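The values are calculated or read from the model by the stated rules, or taken from the named source; none is laboratory data. As the structure is a prediction and not an experimental result, all values here were calculated from the model. Here the Cβ positions follow ideal geometry from the backbone for every residue, glycine too, while neighbour counts run over all protein chains shown.
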């Protein structure tokens with residue numbers, strides 16, 4: 001079964017693989033956090049039963065990118081070591097362009113869209129949509145241990 005943290009771990013891994021100098025935060029940023037950084041947040045999710053053993057899972061996430069700031073507390077887009085907001089926006093969207101990521105032991109569908117922008121941060125919305133088992137292996141109904149068959153005329 002794919003869990004929310006499996007998806008968060010993979011999103012985090014993919015972003016840090018592409019941007020190794022970024023600091024990544026999950027669900028919360030501390031006071032005086034480091035920049036440049038990304039915040040990965042689980043927003044919501046829903047499940048819809050597809051059949052007895054299968055459920056359709058939809059999870060929503062938001063990635064927030066916090067750029068470096070200049071002396072005026074604006075996004076520092078002119079520093080040779082700093083990427084511009086639009087460059088990072090396109091780069092993160094590109095990570096999810098294939099529409100599939102690995103999570104847990106599965107490949108799941110993912111869609112990334114631009115969520116918005118402030119002066120020194122950008123937002124990207126992610127949506128995963130996949131089918132998963134309703135039961136863990138341990139929860140599966142016990143199988144029959146013995147079958148007795150009686151045939152007529154034997």
**OP:** Scan the range 67-84 and give yes if some residue there is surrounded by fewer than 18 Cβ atoms within 10 Å (Cβ to Cβ), at pLDDT 90 or above and touching a helix residue (DSSP H, G or I) at 6+ places or on another chain (Cβ under 8 Å), otherwise no.
**Re:** no
Subject >> Matching residues in the range 15-28 - criterion: being out of contact with any strand residue (DSSP E or B) (no Cβ under 7 Å at 6 or more places or on another chain) and in contact (Cβ under 8 Å) with a residue 40 or more places away in the chain >> reply: 18, 19
Original post:
Does residue 30 count as at pLDDT 95 or above, loosely packed, with under 12 Cβ neighbours inside 10 Å and in a loop (DSSP other than H, G, I, E, B)?
Top reply: no
Subject >> Search result, residues across the range 94-105 that are touching a strand residue (DSSP E or B) at 6+ places or on another chain (Cβ under 7 Å) and surrounded by 15 or more Cβ atoms within 10 Å (Cβ to Cβ) >> reply: 96, 101
Original post:
Applying the selection to the range 37-54, what residues are within 20 Å of residue 122 (Cβ to Cβ) and either exposed (fewer than 14 other Cβ atoms within 10 Å of the Cβ) or touching a helix residue (DSSP H, G or I) at 6+ places or on another chain (Cβ under 8 Å) (or both)?
Top reply: 38, 40, 42, 43
**OP:** For residue 59, indicate whether it is surrounded by 13 or more Cβ atoms within 10 Å (Cβ to Cβ) and at pLDDT 90 or above.
**Re:** yes
Original post:
Restricted to the range 1-14, and to residues that are touching a strand residue (DSSP E or B) at 6+ places or on another chain (Cβ under 6 Å) and farther than 13 Å from residue 38 by Cα, which residue is surrounded by the most Cβ atoms within 10 Å (Cβ to Cβ)?
Top reply: 7
